[in-house]
Amino acid sequence: MNDSLFAFVHIEKAAGTTLNHILRKNFFFKFIDVRPLDKESNRVFTKEDYKKYKKINPFLQCISGHSVVPYSDIQGMPNIKFITVLRNPVNRYLSQFFYLVKTKKMVDDFEEFLKLSELNNFQTKKLAGSEDVDLAKRTLSEKMFQIGLVEEFDTFLLRFRKAVSPLKFDPVYKKKNTAKKSETKDIKTELFSKYKDQILEKNYLDIDLYEYAANSIIPRLNQKYGMEQPDNLEKFVKMNQSSRTSLKSYLDYMVRKIYYEHLTGSIRKKNGLPAKGSY
């Protein structure tokens, strides 16, 4: 496992920020949250982008990003191991709406949000590059090293720890970038009740994909790593409740803000991309 390059396909509003923090904690300075560095990358992280990041950090062992996708040319790189986490499509879709409202991006009206076709079947397109759900399913079964579900996140982390052995991996975490349930639960219920047919129509391929992962791939992975009924899950949940931010996290934050973001932002700007942004 020491010569592997772990590549986390970060799907928006699917526990990605939390998993990023866990990966940063474990891989530390060998981890970078990457983004395209050239306009010709067309919002997809490429092998050429990776080569530039490798010059920035020769010790790179784990990458993550919204632009990291399994249909990019990085799929042909030796020893690459893709990771992703899926989420119940309806919940993910509604969470993306709340996120866009909160950050004042794109829309603040749900009927306007429903018109954004680029957000339809978002998880399928993230994995296949198009609304080809059969290709997305093959990607999950053939290209992914590990797959998790937000709804079974703790089990996924414990399984991942077994899968990367003999690498040491500490899965303990604190949730990041989550909306307050009390603020959104009632509104989500109201929105789904009012716009149920439209929401299901916009996510019908994602629902098919999610059910395939939950009913076929995840049980197979859990069986492979002895995680059908993890006996240490309850203990792990309690450990997470008492988790605290470490000094390591602050050091990582400083390196990201002072070095990585500044340097990659300058490269992006020089190549015709905005300095900030995930794509």
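Annotation: amide H of V85 within the under-5 Å range of I11, G148, sequence separation 5 or more or interchain, hydrogens built in the peptide plane. Mean silhouette area of segment 1-130, derived from the convex hull of its C-alpha atoms and averaged over all directions, reads 8.5 nm².
Counting 0.36 nm for each residue step from E112 to E261 and taking away their Cα separation leaves a gain of 50.4 nm. For the chain, the 222 nm mean residue ellipticity estimated from helices alone, with every DSSP H stretch of n ≥ 4 adding -39500 (n - 2.57) and the total spread over all residues, rounds to -14000 deg cm²/dmol. In this structure, the residue pairs whose Cα-Cα separation is over 25 Å, taken from K54/K276; K126/K202; K47/K105; K47/K276; K52/K104; K25/K52, are K47/K105; K52/K104. Rounded to the nearest 20, the size of the Cβ-charge dipole of segment 1-71 about its Cα centre is 160 debye, with Lys and Arg at +1 and Asp and Glu at -1. Think of the chain as having a plus end and a minus end, set by charges on the Cβ of Lys, Arg, Asp and Glu; of N232, I56, I83, I56 sits farthest toward the positive end of this dipole. Net charge dipole, segment 122-218: roughly 620 debye, given to the nearest 20, about the Cα centre with Cβ charges of +1 for Lys and Arg and -1 for Asp and Glu. Once the Cα-Cα distance is subtracted from the 0.36 nm per residue extended length, the N232 to L251 segment shows a gain of 3.8 nm. Once a ≥ b ≥ c are taken as the square roots of the eigenvalues of the Cα gyration tensor of the chain, is the result rounded (a/c under 1.5), prolate (a/b larger than b/c) or oblate (a/b not larger than b/c)? Verdict is rounded for the chain.
FYI, it's all coordinate maths here, none of it is from the lab. Computed from a predicted model, the values in this text were never measured in an experiment. A quick note on method: Cβ atoms are made from the backbone with ideal geometry, for glycine too, and the neighbour counts reach across all protein chains shown.
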